[in-house]
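Asks: Here it is, the structure in full.
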Amino acid sequence: MTKSTEERLLELYFANLDIIGDGFPLSLNSKRRDYLESFNLIGLPSKKDEAYRHTPIKGIFEQEWENYFIPTETPNNLPCEGDCECCIKVSNGFLGEDYRWLQMDNGVAIGSIKSALQHMPEVVLSHLNSMAQNDTEPLTALNSAFMQDCVFVFIPKGTKVERSICIEYNYSTKDQQVMSFARMLVVAEDGVDAKISVLHKNREGSFMVNFVKEVYVGDSATVELTEFSDMNCNSVLFNNSYSSQKKQSKLSGVNIWLGGSVTRYNGVGEFDSTESENKFYGLYVSEGEQVFDINTYVNHKVSDCSSYQQVKGIAGGSSVGSFTGRVYVATDAQRSDAVQQSKNLLMGSDARVYAEPQLEIYADDVKCSHGATVGQINDDSIYYMRQRGLSEANARKLLMHGYINDIIMHCSIEHVCDEIVSSVDRIVDRF
Amino acid sequence: MLEIKNLHASVGGKKILKGINLSVKAGEIHAIMGPNGAGKSTLASVLAGNQKFDVTEGEVIFEGNSLLESSVEDRARAGLFLGFQYPVEIPGVSMANFMKLAIAERRRHQGLEPLTSSEFLKLMREKSQVVELGGKLMGRAVNEGFSGGEKKRNEIFQMAMLDPKLAILDETDSGLDIDALRVVATGVTKLHREDNATIVITHYQRLLDYIVPDFVHVLYDGQIIYTGNKELALKLEAEGYDWLINKSE
């Protein structure tokens, strides 16, 4: 009898148990079995699952993917292109020796989670897996079981970080197809003010990246997080992102998704204390037969918080773009203010776009709105611009840039913005 | 400068313009008035090259060249400007960026080098004063979130930047309060020279208190039924169009 994909993954885990758990304390390793158990119980979602109907997860996992249990490539340690406070590079999910542990004068620390467990075990143990939904999300549970290395970012209480903290994940292989369980944990303590960029770059080889990110934002802390993925055309990226916000905190996320054959983003934002603000800006640009499946969930479980989500898409060729967003407002979450918008441009005659903004409200004193648009380039705008002397092609280009700029302008990390703009331009110019 | 001969145009098979004849020379200001549905905005759109309208007969000569064969952008580059009745909002595109590209195209047509950044900024500053438009609008997206008055002022600002030979202002006065009307109208007057011309399409005489036309034309049912001087506008304001319409029928 042929084995199921779940069984094969379980076998892979048990065959490599020692190497996976190497360097981690028993308390962490013992939980891995629980995560694996929950993964096995839920199983890999199929297209029959409502939440996964646009992402062929089962089919993707059924392909042959090799897993690197030991680092095969050394991250390039060329200096970061931008003006960074500190920069860390990750290769196929692993940090190189140079990046084991970097601590700045202002107390900001960045490095491998294994080093962090030596330097500040309490911080790591109290936050790792505290946000990730290991009992309900099979891909997250799978990452938590297999996770070997993890980027840890720590910003101590009251620290204002002038320049950005840059994390670059590189995926590169000459082998057939490789899977990676890259991971990240950010702890921004009370009163912090910081900008972080997370880049996923995949220039060579086919990858299935099952990434999990947890971001903790303490009382009155302000964090801007820009995440940009640009994957190879045969690669798959599952991005599972979780955040937890404390009182009067602000988290602003700019997310740009490009490339890859399938990109699934699953973002969960929790307000754990009152008077906080969460902003989420997202953009995908698809072409060919790419699939971008963007899912967000904002949990207003306490009162007086505001959330703003704007996700835009440009779908060309015969690609598929999907946005499913849910804002949940609990009974006690009075005076919640939530906005959710999905805007899409259809550029290909066979492209498809699905938008499902959802509100689930149990409190009675709230301000919530949601909306979705799917359309084409506005002819009146083109006419207006041509009347000022622009050619039709330039008018279209400028309109699309304007459309995109609406999202990118919220990223204040200059060198990352430049990189995003040039990558987006490359695709848009083909439309 | 502009010669319109027996111009006929229709939209979706419905005839709107039924033989327009109009001659505009450099240095002149023409006002076109007329009741709703007479074809005033259609005339403006047809001259600008809006492809929603089909020209079925006639010809238009602009600066010695036939206008009807050229594209919207080529007409604009040759110096024809249309001030829109409903300016379009373009999210994410800043006024400065938009104008920079537009001016580069206009200058390229004139065989001139593009402006340097500092020349361009100087021009922006200078021209924004024509319509008392604060610099703050320049960083904002084109017309996005602008008030009705700001949108119309922005049209005149663009006209000032592009320095057209012929400007057609399509109901620039609609939706303006008295102060904005004064600013917009004075702006147009300031831009008027001996070597350019303006066609003002309007419903109301009050705009013509500021912009003094050399000719006032009455457009009715797709034709110019009467042409007079600025006194005609006053008479129309007082007596309406009926006396003219009755006379023409």
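The values are calculated or read from the model by the stated rules, or taken from the named source; none is laboratory data. Predicted model only: the values in this text are computed from it and were never measured. So basically every Cβ, Gly included, is an ideal-geometry build from the backbone, and we count neighbours across all protein chains shown.
Asks: Can you report the number of residues in region A:154-184 which are among the small types (Gly, Ala, Ser) and free of Cβ contacts under 8 Å to residues at least 40 places away in the same chain?
Replies: Total meeting the criteria: 1.
Asks: Continuing with the same structure: Being within 14 Å of chain B (Cβ to nearest Cβ), under 20 Å from the mean Cα position of the chain (by Cα), surrounded by 14 or more Cβ atoms within 10 Å (Cβ to Cβ) and aliphatic (A, V, I, L, M) narrows it down to one residue among A:ILE382, A:ILE377, A:ILE404, A:ILE413; which is it? Walk me through it before giving the result.
Replies: On the way: A:ILE382 fails: under 20 Å from the mean Cα position of the chain (by Cα); A:ILE377 fails: under 20 Å from the mean Cα position of the chain (by Cα); A:ILE413 fails: within 14 Å of chain B (Cβ to nearest Cβ).
Exactly one of A:ILE382, A:ILE377, A:ILE404, A:ILE413 is within 14 Å of chain B (Cβ to nearest Cβ), under 20 Å from the mean Cα position of the chain (by Cα), surrounded by 14 or more Cβ atoms within 10 Å (Cβ to Cβ) and aliphatic (A, V, I, L, M), namely A:ILE404.
Asks: Another question about this same structure. Which strands (runs of 3 or more DSSP E) sit wholly inside region B:176-228 and have at least 2 residues that are among the polar types (S, T, N, Q) and within 26 Å of B:LEU244 (Cβ to Cβ)?
Replies: Passing ranges, in order: B:223-228.
Asks: In region A:67-94, what residues are closer than 16 Å to A:PHE146 by Cβ, modelled with pLDDT under 90 and in a strand (DSSP E or B)?
Replies: A:ASN67
Asks: For region B:90-107, give me the residue count where each residue is facing chain A (nearest Cβ under 8 Å) and either more than 20 Å from the chain's Cα centre (by Cα) or not in a helix (DSSP H, G or I) (or both).
Replies: The total comes to 6.
Asks: Just checking, which of A:SER144, A:SER126 is surrounded by fewer than 21 Cβ atoms within 10 Å (Cβ to Cβ) and small (Gly, Ala, Ser)? Give the steps one after another, and end with the answer.
Replies: Details: A:SER144 fails: surrounded by fewer than 21 Cβ atoms within 10 Å (Cβ to Cβ).
Answer to the selection: A:SER126.
Asks: Sticking with this structure for a sec: State whether one or more residues within region A:293-313 are more than 30 Å from A:SER206 (Cβ to Cβ), in contact with a strand residue (DSSP E or B) (Cβ under 9 Å, 6 or more places away or on another chain) and of a type in the set (Phe, Trp, Tyr).
Replies: Checked against the condition, which is being more than 30 Å from A:SER206 (Cβ to Cβ), in contact with a strand residue (DSSP E or B) (Cβ under 9 Å, 6 or more places away or on another chain) and of a type in the set (Phe, Trp, Tyr), region A:293-313 yields at least one hit.
Asks: Considering only region A:93-113, state which residues are closer than 14 Å to A:MET184 by Cα and out of contact with any strand residue (DSSP E or B) (no Cβ under 7 Å at 6 or more places or on another chain).
Replies: Selection gives A:PHE94 alone.
Asks: Given the structure, is B:LEU169 touching a strand residue (DSSP E or B) at 6+ places or on another chain (Cβ under 7 Å), within 14 Å of chain A (Cβ to nearest Cβ) and over 29 Å from B:TRP243 (Cα atoms)?
Replies: For B:LEU169, the condition - touching a strand residue (DSSP E or B) at 6+ places or on another chain (Cβ under 7 Å), within 14 Å of chain A (Cβ to nearest Cβ) and over 29 Å from B:TRP243 (Cα atoms) - is not met.
Asks: Taking region A:385-399 only, how many residues are within 9 Å of chain B (Cβ to nearest Cβ) and part of a helix (DSSP H, G or I)?
Replies: 8
Asks: Does region B:126-154 hold any residues that are assigned to a helix (DSSP H, G or I), out of contact with any helix residue (DSSP H, G or I) (no Cβ under 8 Å at 6 or more places or on another chain) and either within 14 Å of chain A (Cβ to nearest Cβ) or of a type in the set (Lys, Arg) (or both), and which are they?
Replies: Passing the criteria: B:LYS136, B:LYS151.
Asks: Follow-up. B:GLY49: buried (at least 21 other Cβ atoms within 10 Å of the Cβ), within 14 Å of another protein chain (Cβ to nearest Cβ) and not aliphatic (A, V, I, L, M), yes or no?
Replies: The answer is yes for B:GLY49.
Asks: Please find, among A:ALA372, A:ALA355, the residue that is in a strand (DSSP E or B), touching a Pro at 6+ places or on another chain (Cβ under 8 Å) and on the phi < 0 side of the Ramachandran plot.
Replies: Just a single option satisfies the conditions, and that option is A:ALA372.
Asks: Any idea how many residues of region A:299-332 are surrounded by 24 or more Cβ atoms within 10 Å (Cβ to Cβ), among the polar types (S, T, N, Q) and assigned to a strand (DSSP E or B)?
Replies: So the answer is 2.
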